[in-house]
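FYI, it's all coordinate maths here, none of it is from the lab. Note that this is a predicted model, so its numbers are computed, not measured. As a convention, Cβ positions derive from the backbone with ideal geometry for all residues, glycine included, and neighbour counts pool all protein chains shown.
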Amino acid sequence: MLEYRSVTYRWQGRGWTQEIAWLRIDGQEVSEWKGRYWTDFLNEMAQQQWELVAVASLGGGDAANYGVAAYFKRSIE
């Protein structure tokens with residue numbers, strides 16, 4: 001059986017350094033990730049056995065990007 005989790009986030013500035021401006025897990029904001037690096041978040045999720053399966057831009061029209069949605073899965077027993 002599988003379990004799924006959605007994560008929405010936005011990078012600070014243009015995202016070149018991949019520092020997180022805000023992050024929500026299953027719709028709940030997690031302020032402890034603000035200012036930290038996206039790769040650190042990915043490593044944390046991997047340690048908890050979550051696998052990144054899809055990423056989608058949260059566009060606002062006219063090429064605006066309001067954030068990113070990332071979807072994770074893991075096996076539950």
* Asked: Taking the structure as given and computing Cα Rg over 2.2 N^0.38 Å, which label from (i) 1.27; (ii) 1.04; (iii) 1.12 fits?
  -> (iii)
* Pairing the Cα long axis of helix 38-47 with the longest principal axis of the chain, what angle in degrees results, from 0 to 90 and rounded to the nearest 10? -> 10 degrees
* **Amide H partners (placed H, <5 Å) of Trp11, local residues excluded** => Ala21
* Structure fact -> Answer in debye to the nearest 20: the dipole magnitude of the chain about its Cα centre, from +1 Lys/Arg and -1 Asp/Glu charges placed on Cβ, is 180 debye
* **Alpha-carbon centroid distance for the pair the range 23-54 / the range 2-18, whole angstrom** => 7 Å
